[in-house]
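Quick note: the coordinates plus some simple rules give every number you see, no bench work behind them. Keep in mind it's a predicted model, so treat the numbers as computed, not measured. As a convention, Cβ positions derive from the backbone with ideal geometry for all residues, glycine included, and neighbour counts pool all protein chains shown.
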Ligand code: BES
Ligand code: MN
Ligand code: ZN
């Protein structure tokens, strides 16, 4: 989708030729004399519309307004979170209509966070999955114009939001693809395609290379599948040569049956989302490709299926990881940590500034935090704080969880250096403690996105999280982030409702 940032006040917005004009209305704003301001003011006065969060009012062919359809969307205190919800709700009302061109008029007080929220919400709410439909009816929306009081001041935030939205969309699309399409091989091809489009370094390794690297843990998981595994390395070398990179590591289980420790049948299809960590790495790179920040970033993806088969690994097997540590498999459904541990060891060669793995790792994390916040585990307080702050800023929040050594007690076994599962208690933490053993050589963080990367129910599908968080973290402090903060709302009289 095509986004454009434009300087617009309410009077100019009234004259904008478009199918839909979305007017984001925070509480307590003053109103000018133009047609849009008049519409907002009279709607508020009548009691048919309130500027409260979640309130919408639509008008068709409103007098003096060029847009065919006007949607007023209440935005409460006007915060990024409220603008996000308002734009999402407003854009959702035009899904399935022929609307092609949409203008979002933000309040005059809108800062960078509101611009970001508007772009991401419009992209998000208009996304339609069509890849495997025989009669695709895709998104009609072609163009979204974001109208702000001073476009020049918001340019940097807008550019970054647009890049982020493209990354989120790629992550969603990849994770939504069925598991017979989004195979490890396909993930490798997508990485190569991205690399070609944006000039990234890219290496895609297969069985032979993984054997040579000694990735016995990863290969143990892959063994039961007819689909060959892939280990993907992407590089964005935007920063100074030799500057330590951030390494992102994505769990790319393209389908998780549980293996010999087979999962129950109902809803097993949802385990196609088990490559959402990998999808978020691809998405983050898509955003890096668009925004081109001056940072060095490496993306690693371990991709395979977890299948039961005559060749499959089984409970009791002992695997030798790339680190040399031996692992007793007590449950083949705890496979994510087994592919990630080898990727974490591989990450050492980049002498990274930080390593962040992203994984739909545990059902226990869904129980702990639900779909609101991703689980954050970190061996380094500064890294944890940066990621937490990035999550808040990007409206893609996470919550820090503990890593006390006592949580690793249950991973002890008589038959190897470590077992791949502990008891049921604190399952998200014990999984993180397992990974922690393999991440001793650098500041490390782990994001458990089992609850946040996808939604079940009627709106079943991938969310594209935590691409927003990752992009914000990677770009914080880079030049594209250096735009001044939102100016305090100016007090002089001007046409309002804009
Ligand atoms: N991919 C699952 C985790 C998962 C569960 C993601 C639900 C999204 C929704 C992971 O591989 C898994 O099966 N974990 C097990 C670990 C257990 C065997 C210790 C789990 O959470 O049940
Ligand atoms: Mn599993
Ligand atoms: Zn899994």
(message) For region 204-295, take every pair of Cα atoms, bin their distances at 5 Å starting from 0, and report each bin as a whole percent.
(response) 3, 11, 17, 19, 17, 13, 11, 5, 3, 1, 0
(message) Restricting to Cα pairs below 8 Å that are 6+ residues apart, what does the relative contact order work out to for region 225-348? Please round to a whole percent.
(response) 37
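By its C-alpha gyration tensor, with a ≥ b ≥ c as the square roots of the eigenvalues, how is region 171-480 shaped: rounded for a/c under 1.5, else prolate for a/b larger than b/c, else oblate?
Rounded shape, in that the Cα axes give a/c under 1.5.
Convert 25 °C to kelvin, take the viscosity as 0.890 mPa s, use the Kirkwood radius over C-alpha pairs of region 2-149 as Rh, and evaluate the Stokes-Einstein diffusion coefficient in µm²/s, rounded to a whole number.
Values: Rh = 15.0 Å.
Estimated via Stokes-Einstein, D reaches 163 µm²/s.
Compare the peptides 133-146, 62-75, 448-461 by average per-residue count of other Cβ atoms within 10 angstrom and give them in order, highest first. Can you show the working numbers first?
Working: 133-146: 14.9, 62-75: 21.7, 448-461: 19.1.
Going by the mean number of other Cβ atoms within 10 Å, highest first, we get 62-75, 448-461, 133-146.
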(message) Let me make sure I get this right: for region 89-241, a, b and c are the square roots of the gyration tensor eigenvalues over alpha carbons, sorted descending. Under 1.5 in a/c it's rounded, otherwise prolate if a/b > b/c, else oblate. Which is it?
(response) oblate
(message) For a distance above 15 Å, tell me the whole-number percent of Cα pairs in region 343-385 that qualify.
(response) 54
(request) Could you work out the relative contact order of the chain, using alpha carbon pairs under 8 angstrom and six or more residues apart, expressed as a whole percent? (result) 17
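Hey, fewest Cβ within 10 Å first, where do 275, 174, 401 land in order? Working shown, then result.
Details: 275 36, 174 26, 401 20.
Fewest-to-most ranking of 275, 174, 401: 401, 174, 275.
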(request) For region 2-149, calculate the relative contact order in percent as a whole number, restricting contacts to Cα pairs under 8 Å that are 6 or more residues apart. (result) 32
